[in-house]
Amino acid sequence: MANSKDWKKQAALAGKIIFLNGTSSSGKTTLIRGLQEALEEPFLEMGLDKFIYMLPKRYHNPPLWDDILGKADVAGAFGHQLVYAMHHAILNMAKSGMNILADHVLVEPAWIEDCAKLFCDQDAYLIGLRCELAILEQRESDRQDRTLGQARKQYDKIHAHGIYDFQVDTGKYQPKETVKQLIDYLRWSPKPYAFRALNQAN
């Protein structure tokens, strides 16, 4: 069993961060579950949904959702505060040696800028989840646990920054295949570059 010196030494090594960016119903949660099962090292889930559901349940639905967190494609004041706090929490956990899987919905240019600044020098990958709008809308309708219209409102904004380390098509491929594609990329890829490139562009 590892002693205190072992875990302190491990904690001094920064962990890996994998950001999955995609619209509502693009398959981020499904991909995270598959990655957690398939990756050899343990990865913590620290995405946007996790932070939102730390709030009292009364904030999860209108009108408080709209008043505090904003609409599907525009964040409210508290939404910005929550997301910035999430970014710093992820960074600090990774600096403590934890590997992180994080789902995100990068509809705000300010969020992209913040991530680029914070993670440009970290072992942090930005992964894009692509999916045709018709498939996203069908998933929204089938699931019945999402606000209809979210995916359409987010669709033209979510990938506007244009730079990723890697992208997967969650409409074309089944979850197991997208997990395999991403793991293969991580296994053979060079160091991440997307956040560095985005930071240099700002």
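Tabulated results
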item	result
When residues of the stretch 181-197 are limited to those that are free of Cβ contacts under 8 Å to residues at least 24 places away in the same chain and in a helix (DSSP H, G or I), the one nearest to Ile112 (Cα to Cα)	Tyr185
Glu140, sole failed condition from (1) touching a Leu at 6+ places or on another chain (Cβ under 6 Å); (2) within 17 Å of Leu20 (Cβ to Cβ)	(2)
Which listed residue is crowded, with 17+ Cβ neighbours inside 10 Å, among the β-branched types (Val, Ile, Thr), more than 15 Å from the chain's Cα centre (by Cα) and farther than 19 Å from Asp123 by Cα, from Thr178, Thr170	Thr178
Scope the stretch 7-27; condition at pLDDT 60 or above and closer than 22 Å to Asn92 by Cα; matching residues	Leu13, Ala14, Gly15, Lys16, Ile17, Ile18, Phe19, Leu20, Asn21
Verdict on Thr30 being closer than 20 Å to Val105 by Cα, modelled with pLDDT of 90 or more, part of a helix (DSSP H, G or I) and hydroxyl-bearing (Ser, Thr, Tyr)	yes
Pairs with Cβ under 7 Å, 6+ apart, first in the stretch 71-87 and farther than 17 Å from Ile158 by Cβ, second modelled with pLDDT under 85 and part of a helix (DSSP H, G or I)	Gly76/Asp67; Gly76/Ile68; Gly76/Leu69; Phe78/Ile68; Phe78/Leu69
Tally, over the stretch 138-167, of residues that are surrounded by 15 or more Cβ atoms within 10 Å (Cβ to Cβ), free of Cβ contacts under 8 Å to residues at least 60 places away in the same chain and out of contact with any strand residue (DSSP E or B) (no Cβ under 7 Å at 6 or more places or on another chain)	3
Residue satisfying condition, being at pLDDT below 95, under 20 Å from the mean Cα position of the chain (by Cα), of a type outside the set (A, V, I, L, M, F, W, C) and surrounded by fewer than 16 Cβ atoms within 10 Å (Cβ to Cβ), within set Tyr53, Tyr59	Tyr53
Residues of the stretch 36-50 classified as surrounded by 12 or more Cβ atoms within 10 Å (Cβ to Cβ) and assigned to a helix (DSSP H, G or I), total	5
Filter result for Ala94 (small (Gly, Ala, Ser), surrounded by 21 or more Cβ atoms within 10 Å (Cβ to Cβ) and in contact with a Ser or Thr (Cβ under 7 Å, 6 or more places away or on another chain))	no
Index of the failed condition, Gly79 passing every other in (1) closer than 20 Å to Ala197 by Cα; (2) among the small types (Gly, Ala, Ser); (3) modelled with pLDDT under 95	(1)
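The values are calculated or read from the model by the stated rules, or taken from the named source; none is laboratory data. Treat the numbers as computed from the prediction; the structure is a model and nothing was measured. Virtual Cβ from ideal backbone geometry, glycine too; neighbours counted across all protein chains shown.
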